[in-house]
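Have a look at the structure below before the remarks.
The values are calculated or read from the model by the stated rules, or taken from the named source; none is laboratory data. Treat the numbers as computed from the prediction; the structure is a model and nothing was measured. Because the Cβ atoms are built from the backbone with ideal geometry, glycine has one as well, and the counts that use them run over all protein chains shown. With ligands, DNA and RNA removed, areas are computed over all heavy atoms of the protein, side chains included. Shrake-Rupley method; radii C 1.70, N 1.55, O 1.52, S 1.80 Å.
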Amino acid sequence: MTVLRGDDDWVVAFVIDGRKYPTPEDFTRVKREAFRAINRRWRLVMEFETSAVDADEPDFPYPSWEEFEAMLERGEWSG
């Protein structure tokens with residue numbers, strides 16, 4: 001889960017759910033790509049939070065990194 005600094009508070013912005021990737025390496029690659037993209041292109045204040053998730057737990061109610069990145073590209077995220 002990634003939280004970004006919004007107007008005056010931290011808000012959950014997107015989730016990189018390891019269950020969605022075929023290998024641990026793919027999951028790690030996507031985490032690095034997200035971190036680098038946010039720092040390089042948008043310079044947003046962020047914090048990554050990690051926690052274990054069981055395979056049978058429901059999906060998170062937040063956008064994936066890919067969905068969130070597309071929102072940033074379109075200028076749809078305001079924090």
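Scanning region 12-35 for residues that are at pLDDT 75 or above, in contact with a strand residue (DSSP E or B) (Cβ under 8 Å, 6 or more places away or on another chain), open to solvent by less than 70 Å² (accessible area, probe 1.4 Å) and not in a loop (DSSP other than H, G, I, E, B) turns up A13, F14, V15, K31, A34.
With the requirement that a residue be open to solvent by 100 Å² or more (accessible area, probe 1.4 Å) and in a loop (DSSP other than H, G, I, E, B), what does region 60-74 give you? Within region 60-74, P61 is the sole residue that qualifies. Among the residues of region 36-58, how many are within 12 Å of the chain's Cα centre (by Cα), under 18 Å from V11 (Cβ atoms) and open to solvent by 100 Å² or more (accessible area, probe 1.4 Å)? Result for region 36-58: 1.
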